[in-house]
Amino acid sequence: MKKYIAECLGTFVLVFFACGTAAVAGCTAEANAAYLITALAFGLVIVAMAYSIGNVSGCHINPAVSIAMLCSGKMSVNDFIGYVAAQFVGGILGAACLAAVTGKQFGLGTNGLYDGSVVKSLIIEVILTFVFVLSILGVTSKEKYSKVAGLVIGFSLTLVHLLGIFFTGTSVNPARSFGPALFMGGDALKCVWVFIVAPLIGGVLASYCYRFLDPEK
């Protein structure tokens, strides 16, 4: 149960602080200081959580990461279900607190379709998630990388945000997208399925790709 609580807490922090930064900084697709600050906020939250709850749950705080671990044989189906449920609860709670503090006028860091296209948005999110999860699988594959794993994962998330914010606002995380969309409603909620499906596909593809590339298998 502690690991599920840790996943819920970690996802709460991700949504409240990182999506909150995007909201209050006024992050848009325009390259400016808010764009960079938002990308850094997502990465820094992951670093902070990796070194605080990583030893409890592994700090997935993302269903796309959990499904990759499931496909890699690193977690059971029961744990996968528990992790994903906890992550969505954390995302909802984080968005609820953010909405209570800032209101909805800042957008709560929701995602949106690129160019109004479902297909383009799906492709973009699959690629972004694939790269992010692949980096996680690589850096967590050996014990000797454990001291730097949090930093690598945090910088990887920053990297995908630096490109992805322009297109979709960057999801790569169904729980992170669902919480804010639930409270914003409207178009954000109508298209949130894209930001649930695409990251899961990206996570699965990354898992099988890494399994193929792994020199020890």
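The values are calculated or read from the model by the stated rules, or taken from the named source; none is laboratory data. Values in this document were obtained by computation on a predicted structure and should not be read as measured data. As a convention, Cβ positions derive from the backbone with ideal geometry for all residues, glycine included, and neighbour counts pool all protein chains shown.
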Evaluate region 12-32: report whether one residue or more is of a type in the set (S, T, N, Q) and under 21 Å from GLY202 (Cβ atoms).
no
Considering only region 37-49, how many residues are under 9 Å from THR158 (Cα atoms), buried (at least 24 other Cβ atoms within 10 Å of the Cβ) and either free of Cβ contacts under 8 Å to residues at least 24 places away in the same chain or not hydroxyl-bearing (Ser, Thr, Tyr) (or both)?
2
Qualifying residue in region 97-106 (condition: surrounded by fewer than 24 Cβ atoms within 10 Å (Cβ to Cβ) and under 18 Å from the mean Cα position of the chain (by Cα)):
no
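Condition test on GLY185, is it at pLDDT below 95, surrounded by 15 or more Cβ atoms within 10 Å (Cβ to Cβ) and out of contact with any Pro (no Cβ under 7 Å at 6 or more places or on another chain)?
Values: at pLDDT below 95: yes; surrounded by 15 or more Cβ atoms within 10 Å (Cβ to Cβ): no; out of contact with any Pro (no Cβ under 7 Å at 6 or more places or on another chain): yes.
No.
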Taking the options ALA149, ALA96, name whichever one is part of a helix (DSSP H, G or I) and farther than 27 Å from GLU216 by Cβ.
ALA96
Answer residue from region 139-182, given it is surrounded by fewer than 18 Cβ atoms within 10 Å (Cβ to Cβ) and of a type in the set (Lys, Arg) and is nearest to TYR51 (Cα to Cα) among those:
LYS147
Might you check whether a residue that is part of a helix (DSSP H, G or I), among the small types (Gly, Ala, Ser) and either buried (at least 23 other Cβ atoms within 10 Å of the Cβ) or in contact with a strand residue (DSSP E or B) (Cβ under 7 Å, 6 or more places away or on another chain) (or both) occurs anywhere in region 125-138?
no
Taking region 23-36 as the search range and keeping residues that are among the hydrophobic types (A, V, I, L, M, F, W, C) and part of a helix (DSSP H, G or I), which one is surrounded by the most Cβ atoms within 10 Å (Cβ to Cβ)?
ALA23
Against the condition out of contact with any strand residue (DSSP E or B) (no Cβ under 8 Å at 6 or more places or on another chain), within 20 Å of VAL84 (Cα to Cα) and modelled with pLDDT of 95 or more, how does ILE153 come out, does it pass?
yes
Cβ pairs under 6 Å, 6+ apart, first in region 111-131 and at negative phi, second of a type in the set (D, E, K, R):
TYR114/LYS120
Could you tell me which numbered condition VAL192 fails, if it satisfies all but one of (1) more than 16 Å from LEU14 (Cβ to Cβ); (2) among the aliphatic types (A, V, I, L, M); (3) assigned to a helix (DSSP H, G or I)?
(3)
Filtered residues of region 50-65 (kept if in contact (Cβ under 8 Å) with a residue 60 or more places away in the chain and either in a helix (DSSP H, G or I) or β-branched (Val, Ile, Thr) (or both))
ALA50, TYR51, GLY54, ILE61, PRO63, ALA64, VAL65
